[in-house]
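Each value in this text was obtained by applying a stated rule to the coordinates, not by laboratory testing. The structure displayed is predicted, hence computed values, not measured ones. All Cβ positions, glycine included, derive from the backbone under ideal geometry; neighbour counts span all protein chains shown.
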Amino acid sequence: MSIYDTIIKNGIICTASDTFKSDIGIKDGKISTLAESIDSSKGNIVIDAEEAYITPGGIDAHVHLREPMELFGVIADDFESGTRSAVAGGTTTIIAFASQNSESNDSPEDLARAVKLCISDAMSQKLYCDFALHLILYKVNKEIIDEQFQKLYEEVGVTSVKMYMTYPKLQLRDYDLMNVMYTARKNGITTMLHAENGDMIEWMIEKLEEQGKTDPYYHAVSRPSLIEGEATGRAIVISQSLDNPVLFVHVSAPSAINCIRKAQTKGLKIFAETCPQYCFLEAEDLRCIHSHDPFEGSKYVCSPPPREGKDDQDSVWKGLQNGTFTIVSSDHCPTLYGGEDGKRAAFKNGHNGEFKWIPNGIPGVETRMPLMFGNAVNGTKLSLERFVELHSTNPAKLYGLYPKKGSILPGISDADLVVWYPEGKYTGPSTISNNMLNHDCDYTPFEGYGINNWPRYTLVKGKVVYKEGEIINDNSGIGSYVKREKSKLAVPNNEWVSELRPKYLIDK
Ligand SMILES: NC(=O)NCCC(=O)O
Ligand SMILES: [Zn+2]
């Protein structure tokens with residue numbers, strides 16, 4: 001009689017702390033047993049890992065998909081194609097975004113209602129993996145009232161909000177950031193910041209336009225590293241003033257990385273995310289010199305933009321190695337290159353393709369893990385354990401999903417796993433091409449990039465959803481919404497730089 005639904009034999013398990021040989025017994029969607037040897041006759045299904053590495057499924061904590069509020073124009077992936085693409089690249093949980101409703105009138109229910117709308121839209125689709133949600137806040141009338149954040153946590157399990165220091169439609173003033181952080185701290189809501197100085201960028205764009213510099217390449221020129229460094233430093237001061245932890249999303253610039261490192265050395269609760277585009281792409285890509293059409297550079301338009309070259313990439317790698325970065329996410333935000341609604345929306349409404357009108361964002365949910373596994377782990381830039389920490393365990397801890405997600409703990413963790421190819425046995429494509437990917441986008445900015453491994457099996461809650469290059473449709477629809485706990489990492493220090501203390505602490 002079988003005891004396990006599935007047994008994985010002969011694997012080398014790698015977690016954020018250990019690498020060891022073990023068989024895995026899976027029951028009811030959970031890791032049930034780790035043992036040197038589990039009898040094959042005890043499993044309904046037996047997978048032979050053939051001495052390959054097995055890692056916890058990836059958690060991609062920064063994924064933009066089509067959702068009711070449409071803040072970033074028309075996104076090519078909905079929750080079905082986005083989760084399909086995720087599992088094909090070894091990601092078993094995504095954290096996507098719901099957006100505050102612009103009609104919000106600050107009632108206690110407003111924010112939770114916006115999240116519920118997004119959940120029900122997503123749940124009406126076939127989901128290949130689990131998802132959770134952050135909430136984008138872009139309108140703060142006076143202050144976010146306590147009850148709004150309480151309900152976010154209690155009713156919909158959302159424990160993080162993202163705010164922007166750039167984009168004309170979304171940019172918040174420092175005053176607004178302070179109002180949000182003040183209430184976030186009290187309620188254990190993690191604040192995520194897109195740090196670029198929007199006012200400086202606006203000025204730079206105007207000056208470039210005056211000189212007729214409007215090709216996609218000038219998107220990168222209009223958002224230089226220094227501007228990211230400035231916003232990062234300013235936000236760290238705000239964070240310190242309020243003793244409120246901050247996670248900086250998609251960090252790319254050496255100046256920002258240095259600020260973050262310094263703050264961390266002081267003991268401040270500052271966390272940072274980077275993305276593969278800042279490890280592999282560069283500003284020159286936006287020139288697309290191999291193409292007759294400079295607009296092809298729009299395929300690389302994202303913010304912050306890819307940076308200057310090898311030195312800048314090296315400082316990202318250094319930050320990944322030395323612990324400055326907490327997580328690696330994709331910032332998947334796919335807009336089509338063809339058609340009228342994607343990058344070419346820049347030709348609508350009487351515009352002529354000027355970079356200012358090009359929708360920002362690139363796809364990457366499927367390529368994140370294989371690119372980093374192949375080039376970082378096999379290229380020995382990162383240890384396997386650090387790879388797991390950055391792509392799986394830390395996102396789970398930071399965003400309240402641990403230890404259900406991000407680990408391989410018997411009796412506790414969901415059986416979300418990636419079985420890689422054994423050393424030397426990967427026979428798939430040696431470079432990335434868009435036609436091997438499962439997203440609904442018509443290009444990848446990583447076309448032609450080398451890979452030397454790829455997930456052989458991806459399991460979500462014990463079910464194989466991807467096997468040897470194929471999506472297993474029988475097991476689709478397995479994904480569901482995951483309510484999150486409060487962060488295990490982003491916890492205030494209770495150290496103050498001024499006499500200002502929130503009233504709720506003084507009254508205690
Ligand atoms: N990063 C980007 O260009 N687009 C996605 C939206 C954001 O995260 O800023
Ligand atoms: Zn952003």
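Hey, could you get me the Stokes-Einstein D for region 248-344, Kirkwood radius over alpha-carbon pairs, 4 °C and 1.567 mPa s, rounded to whole µm² s⁻¹? Walk me through the numbers on the way to the answer.
On the way: Rh = 14.5 Å.
Translational diffusion coefficient: 90 µm²/s.
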Fill in the blank from the handout: Most exposed first, judged by fewest Cβ atoms within 10 angstrom, Asp146, Asp28, Asp312 run Asp28, Asp146, Asp312
Exercise for the section: Identify all aspartates and glutamates with a Cα-Cα distance to Lys269 below 15 Å; exclude those on the same chain that are fewer than 8 residues away in sequence. Expected result: Asp243, Glu495
Handout entry: FRET E, pair Lys21, Asn44, Förster distance 30 Å, beta-carbon r, rounded to 0.05
Key = 0.85
Handout entry: For Phe280, net neighbour charge (Lys/Arg +1, Asp/Glu -1) across residues whose Cβ lies under 13 Å away
Key = -2
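Between their Cα atoms, which of Lys397/Lys461; Lys151/Lys486; Lys116/Lys467 are more than 24 Å away from each other?
Numbers: Lys397/Lys461 19 Å; Lys151/Lys486 13 Å; Lys116/Lys467 33 Å.
Beyond 24 Å: Lys116/Lys467.
Add +1 for every Lys or Arg and -1 for every Asp or Glu among the other residues with Cβ under 11 Å from the Cβ of Ala76, and state the total. Intermediate results must be reported in sequence, preceding the final value.
Values: positive: Arg66, Lys343; negative: Asp77, Asp78, Asp341, Asp440, Asp442.
Local charge sum for Ala76: -3.
In percent, what relative contact order does region 58-387 have, based on Cα pairs under 8 Å that are 6 or more apart in sequence? List each step's numbers first, then the result.
Values: 664 pairs, mean separation 59.3, N = 330.
Computed value for region 58-387: 18 percent relative contact order.
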Practice task
Let me have the 222 nm mean residue ellipticity of the chain computed from DSSP H runs of 4+ only, each contributing -39500 (n - 2.57), with the sum over all residues rounded to the nearest 500.
Solution key: -7500 deg cm²/dmol
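Would you mind checking Lys343/Lys381; Lys42/Lys404; Lys405/Lys503; Lys169/Lys463 for any pair whose Cα atoms are more than 32 angstrom apart? Show your work: numbers first, answer last.
Working: Lys343/Lys381 34 Å; Lys42/Lys404 24 Å; Lys405/Lys503 36 Å; Lys169/Lys463 42 Å.
Over 32 Å apart, Cα to Cα: Lys343/Lys381; Lys405/Lys503; Lys169/Lys463.
Arranged from highest to lowest average of other beta-carbon atoms within 10 Å per residue, in what order do the peptides 228-236, 407-415, 473-481 appear? Walk me through the numbers before you get to the answer.
Details: 228-236: 22.9, 407-415: 19.0, 473-481: 16.7.
In decreasing order of mean packing, 228-236, 407-415, 473-481 become 228-236, 407-415, 473-481.
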Practice task
Any chance you could check the Cα centroid distance between region 280-337 and region 366-401 for me, in angstrom?
Solution key: 18
Problem - Inter-label distance, nm, simple model (7 Å from Cα along the C-beta direction), Glu308/Lys266 - result: 2.6
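At a 10 angstrom cut-off on C-beta neighbours, averaged per residue, how do the peptides 340-349, 180-189 rank from highest to lowest?
On the way: 340-349: 17.1, 180-189: 21.2.
Peptide ranking by packing, descending: 180-189, 340-349.
Working from the alpha-carbon coordinates of region 58-387, get Rg over Rh, Rh being the Kirkwood radius. Kindly include the intermediate steps, with their values, before the conclusion.
Details: Rg = 19.0 Å, Rh = 20.1 Å.
With Rh from the inverse mean 1/r over Cα pairs, Rg/Rh is 0.94.
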Practice task
Just order 161-173, 289-301, 48-60 by mean Cβ neighbour count inside 10 Å, highest at the front, would you?
Solution key: 48-60, 161-173, 289-301
Practice task
Tally the DSSP beta bridges in the chain and give the antiparallel ones as a percent, rounded to 5.
Solution key: 45
Exercise for the section: Lys and Arg at +1, Asp and Glu at -1: add these up for the other residues within a Cβ distance under 11 Å of Ser124 and post the number. Expected result: -2
